[in-house]
Number of protein chains: 2
Amino acid sequence: MATAELSAHDLIAQHRPTLDEALEAIRTRAYWSPHPEHPKAYGESGSLDAAAGKAAFDAVLNTRIDLGQPGTDGWVGGEVSPYGVELGVTYPHPDADVLLPAMKAGQAAWRDAGAEVRAVVCLEILKRISDRTHEFAHAVMHTSGQAFMMAFQAGGPHAQDRGLEAVAYAYAEQVRTPATAEWSKPQGKRDPLTMTKTFTPVPRGIALLIGCNTFPTWNGYPGLFASLATGNAVLVKPHPRAVLPLALTVRVAREVLAWAGFDPNLVALAAERPGEGIAKTLATRPEIRIIDYTGSTAFGDWLENNARQAQVHTEKAGVNTVLVESTANYKGMLANLAFSLSLYSGQMCTTPQNLLIPRDGIRTDEGPKTYDEVVSDLARSVDGLLGDDTRANALLGAIVNPDVKARLEAAAGLGEVALASREVTNPEFPGAVVRTPVIVKLDGTKPDDGAAYLSECFGPVSFAVAVDSAADALALLRRTVREKGAMTVGAYTTDSEVEREVEEVCLEESAQLSLNLTGGVYVNQTAAFSDFHGSGGNPAANAALTDGAFVANRFRVVEVRRDA
Amino acid sequence: MATAELSAHDLIAQHRPTLDEALEAIRTRAYWSPHPEHPKAYGESGSLDAAAGKAAFDAVLNTRIDLGQPGTDGWVGGEVSPYGVELGVTYPHPDADVLLPAMKAGQAAWRDAGAEVRAVVCLEILKRISDRTHEFAHAVMHTSGQAFMMAFQAGGPHAQDRGLEAVAYAYAEQVRTPATAEWSKPQGKRDPLTMTKTFTPVPRGIALLIGCNTFPTWNGYPGLFASLATGNAVLVKPHPRAVLPLALTVRVAREVLAWAGFDPNLVALAAERPGEGIAKTLATRPEIRIIDYTGSTAFGDWLENNARQAQVHTEKAGVNTVLVESTANYKGMLANLAFSLSLYSGQMCTTPQNLLIPRDGIRTDEGPKTYDEVVSDLARSVDGLLGDDTRANALLGAIVNPDVKARLEAAAGLGEVALASREVTNPEFPGAVVRTPVIVKLDGTKPDDGAAYLSECFGPVSFAVAVDSAADALALLRRTVREKGAMTVGAYTTDSEVEREVEEVCLEESAQLSLNLTGGVYVNQTAAFSDFHGSGGNPAANAALTDGAFVANRFRVVEVRRDA
């Protein structure tokens, strides 16, 4: 690191304590975060407060974000906020034949800096992003359609947590092997054989991050920081509807890299022309050796099958199930489920889709409830939660794109509607498409209904699936996870045998299970440093955020040995 | 573990110290091994001495190895030792539709046993194999064609080391996440959110080990033990010419599993009929979720492209280079290279193939040497090393199969022969095909010669490639590793700038480098716990033995969380 104002030592002194806390957190998996969740926590020590963050966001609208990248052959843009605002921002479009070689130029110096310096440079990037959390919150809100508070938290501190978690795993993985070793093998009466060995983590090449529409930062940061921290250059290809949050991220990363004396081209943006499909072109370039992707199963499968030169990490689609067998807290269960179905209009890869409920009803602390009662009580809970339009807007956000709206509208035709979706007006953003969730009754024994509940219906659509028994529910859960994958599974039961069986299904089919949630933690939310996001072991995703496997193959270790 | 004589506690008490030493060794990468290399070290505390081991091997010849596996639909065999002896052993041929489901039956109990119990059961398997090292040595010798001492060491203690190393990595990886965690998130003035979480390593499914002809145990044990220690059942598909060492391994594993109270079907053998190609059928079965393979590039590529339901680890072929630029120990260099070219008739994936030598000669401690002098001095060193037939037999072993013999014979036609191969008679085994290595001169600037030196020519064939300069040698090294892959790279230079440049090529192309070896360590040998075998970052292999990446994706972690 060559800048006068800065030494590697200073940066390590500044960030090493945070890195150490992160390393401890992934080991204990207790609660920890260095990134405040409350908007009012920002505005001190260099961070932007609410007004300054809003002003920074407003100032970027209708501008060109010129990142100073080599190989820019034009400017592209066209994002329209789900809240109805045209962002008017344009971004560099890459000439890959120029940009990719330029991204490799700085890689040897980045590699030679070593794992610790790379980690603290990544932490400095995260720190500067954290300081701009209010600005990022608006950028995430106006690309994903999340309501402001969710965009603030999930797009800000929670995304930064996931990035930091990836840095911690990447660092830990690289230092498992020492930098040097002295090796001395006894040879009986003769002198021992002795060797001096060095071990250097080396990057695979250039990593490609393919961002998603709904969680551009939260789903993007793990791959971005895992690749960068392991020595790779990273090309960021955002979803065309959600470029801004990742363009701002790339800008900060390039600033920090240059400031720390490294080549800013280690991180670059690849925005695309409408309908260009640049991800396919980039993903199969020989320079691209790592891919991180969040999005549709179809394109995730395409990447896995075609980008054979790369390590491909995919988070695709699953069908998430909640098994409702019995509960000791009926009201808590209903409130918890209602919130999970409503948050961000169900546009989370972790939102429950299928609620499996015995057709003969369930036992509760309020006495037995029939299938119909459970479904209508849940519908009433959702209605109650979203009855006030201000609260509804704050929870639901906006429908992210026309496809989700079309699926929501079609869902009402799939069965008996237990809870109809309604339009909510957003007084601040009249252009926003805001909808409450629909709940549709289906029959788990009817093959026609299976076509619906065994497909992912991304958006505010849930199916109350009547099943004959707990055993049938378990069998359907197993089939769903095995065939369709699941990011989350939930279960409500007071029966220890059913609990054991649902755990066994999840262990055998590799699905993450939340049991009897009735408080302020929801099946569709995970906390970095403690919860795994996905398992990487069922069809919904081939990787988990974040574990050793997520980072271990992003670099290789080169050994050089000499006679001592 | 249900047997009366044994508790998990006992097994842990017995093996935990060894596991801890292995964990320390992979962290420091200093020399360590619990498995004696000297044949005379065996015969005490239950291990077989030389005579008992030979007797055990003789007793198994011309028998049926009935492993008691379900789904056996016939008996197959037909191994003929490269030393000319028909082994006459037959093995179970599997009906996969019966065997694979049977292998899954015991998986839940094996999973529930936990990482530590699985590790110590694996160590017990390795201990019992170690006790039979003399028996295994004959089995490896008479399938691979290795000379006895090499079969003893590489097929015995060194293979057991690699197996134990894999167990250590697997254990370490699984316990990075705690079994349980208490999570408490502050909520300002409200009560904290609290959750109880459990984390369970779960297997992917059934692992398939596809063994090779030349190092059935050494190349087989890492995958076998990594998969078993992470909770998977393992189906062992040996090379049809090298079944016996892995059949004996499977027998010991099944004995130990049953003795420890687990289902012996967690490890099973799949021998094949002549020409059956059962590996293709098994590799694409949905139950097979992990594959470990050592062998040809063609089939390795086929597995990577077709066994898409599995994590595929391949060690394929590479073209290994030694760059000879200058040396401060000319005699030591020649002796070291001569040994590397001769050991096991060059039938190691790590044996150097291309020796890049400047056509203007090299600087040495004995004054300048022309290209021709270096090549003829090396030829003389090989001749001297192998001049005595007894020593030649002890070093060369036998040519493993007719393909290698054919390649050796064809190599003499590729260029000017600097050292001709000669036949060596093996008085003990007159049927053995024993040949000394050939060295052929090629020109690094002639495209026709490139067809030879840029293809792997597995066997006792080396090319002395004349290059115009050190820079040209570095460029050819880079091209060779990038396009063809390399398991090893060697270099001799006294020039610090050339040394730096060859290191840079190896760091950029992900190749393992041995520098200026002139003593008793050879470029084609690696030591478990300290050296990585391959890098997993160039076309020769997509995995290294053994690192975190080799084990991390063999299992997934399933989390179950509940309100606390």
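Which residues of the stretch A:27-42 bury at least 40 Å² of accessible area once all protein chains are present, versus their chain alone (1.4 Å probe)? Listed by number, the residues meeting the 40 Å² cut-off are A:Arg29, A:Tyr31. Charge tally around A:Asp495: other residues with Cβ under 13 Å, Lys/Arg +1 each, Asp/Glu -1 each, net -3.
In a Debye calculation with equal point scatterers on the alpha-carbon sites of the stretch A:1-104 and no solvent, what is log10 I(q)/I(0) at q = 0.21 Å⁻¹? With no solvent term, the Cα-only Debye profile gives -1.03.
When only Cα pairs under 8 Å and 6 or more residues apart are kept, what is the percent relative contact order across the stretch B:321-515?
28
Residue separation of A:Arg359 and A:Asp403 scaled by 0.36 nm, minus their Cα-Cα distance, works out to 12.6 nm of gained length. Each label point was placed 7 Å from the Cα along the Cα-to-Cβ direction; for A:Met149 and A:Arg380 their separation is 2.5 nm.
Size descriptors for the stretch A:69-129, from the alpha-carbon set: Rg then Dmax equal 16.7, 47 Å.
In a reduced charge model with +1 at each Lys and Arg Cβ and -1 at each Asp and Glu Cβ, chain A shows a dipole moment near 1680 debye about its Cα centre. Stokes-Einstein diffusion of the stretch B:321-515 at 4 °C, 1.567 mPa s viscosity, Kirkwood radius from Cα pairs, rounded to a whole number: 77 µm²/s. To the nearest Å, what is the center-to-center distance of the stretch B:94-113 and the stretch A:1-76, using C-alpha atoms only? Cα centroid of the stretch B:94-113 versus Cα centroid of the stretch A:1-76: 49 Å apart. Distances from A:Pro368 to itself in the other copies, using label points 7 Å out along the Cα-Cβ axis, amount to 10.2 nm in increasing order.
May I ask you to derive the FRET efficiency for A:Trp75 and A:Leu454 from their Cβ-Cβ distance with R0 = 56 Å, giving the value to the nearest 0.05? Taking R0 as 56 Å, the efficiency between A:Trp75 and A:Leu454 is 0.80.
Among A:Pro368, A:Pro427, A:Pro352, pick out the residue whose Cα is farthest towards the positive end of the charge dipole of the stretch A:321-515, where Lys and Arg carry +1 and Asp and Glu carry -1 on C-beta, about the Cα centre. Result: A:Pro427.
With Cα atoms as the point set, the stretch A:296-437 shows a radius of gyration and Dmax of 17.9, 58 Å.
What's the longest bit of chain A with no exposed GluC sites (Glu not before Pro), using DSSP loop states and at most 10 other Cβ atoms within 10 Å as the test? Please list the in-between numbers first.
Working: sites that count: A:Glu5, A:Glu44, A:Glu428.
That would be A:45-427.
If one computes the Cα centroid of the stretch B:356-390 and of the stretch A:161-198, what distance in Å separates the two points? One Cα centre to the other: 35 Å. Calculate how many DSSP beta bridges within chain B are antiparallel, expressed in % of all such bridges and rounded to the nearest 5. Approximately 45 percent, going by the DSSP bridge assignments. When only the Cβ of Lys, Arg, Asp and Glu is charged (+1, +1, -1, -1), the dipole of the protein assembly as shown relative to its Cα centre reaches about 100 debye. For the protein assembly as shown, the spherically averaged projection of the C-alpha convex hull amounts to 44.2 nm². Distances from B:Val417 to itself in the other copies, using label points 7 Å out along the Cα-Cβ axis, amount to 8.8 nm in increasing order. Bridgeable aspartates and glutamates around A:Lys280 (alpha carbons under 20 Å apart, same-chain partners fewer than 8 residues away excluded): A:Asp73, A:Asp95, A:Asp97, A:Glu272, A:Asp292, A:Asp301, A:Glu304, A:Glu315.
Summing charges over all other residues whose Cβ lies under 9 Å from the Cβ of B:Ala56, with Lys and Arg as +1 and Asp and Glu as -1, gives 0. Using every pair of distinct Cα positions in the stretch B:101-142, the Kirkwood expression returns a hydrodynamic radius of 12.2 angstrom.
Evaluate the charge dipole of the stretch B:321-515 about its Cα centre and quote only its size in Debye, nearest 20, assuming +1 on the Cβ of each Lys and Arg and -1 on the Cβ of each Asp and Glu. Walk me through the intermediate numbers first.
Details: 17 positive and 30 negative charges, 105 e Å.
It comes to approximately 500 debye.
Report, in degrees rounded to the nearest 10, the 0 to 90 angle that the Cα long axis of helix B:107-131 makes with the longest principal axis of chain B. Rounded to the nearest ten degrees, it is 40. Ordering A:288-295, A:46-53 by mean Cβ neighbour count within 10 Å, with the highest value first, yields A:288-295, A:46-53. For a straight C-alpha distance cut-off of 18 angstrom, the lysines reachable from A:Lys331 (same-chain residues fewer than eight places away being disregarded) are A:Lys369. Couplings 3J(HN,Hα) for the stretch B:176-191, derived from phi with the Karplus relation 6.51 cos²θ - 1.76 cosθ + 1.60 (θ = phi - 60°), are 5, 9, x, 5, 9, 8, 9, 10, 9, 10, x, 10, x, 7, 7, 4 Hz, where x marks Gly and Pro. The other copies place their B:Asn306 label points at 2.3 nm from this one, listed shortest first, where each point is 7 Å from Cα along Cα→Cβ. Both the radius of gyration and Dmax for chain B are 24.7, 88 Å, in that order, over alpha-carbon atoms.
The values are calculated or read from the model by the stated rules, or taken from the named source; none is laboratory data. On a predicted model such as this, the values are computed, not experimentally measured, just so you know. Cβ: placed from backbone, ideal geometry, glycine included. Neighbour counts: every protein chain shown. Calculation scope for accessible area: heavy atoms of the full protein, side chains included, ligands and nucleic acids excluded. Shrake-Rupley method; radii C 1.70, N 1.55, O 1.52, S 1.80 Å.
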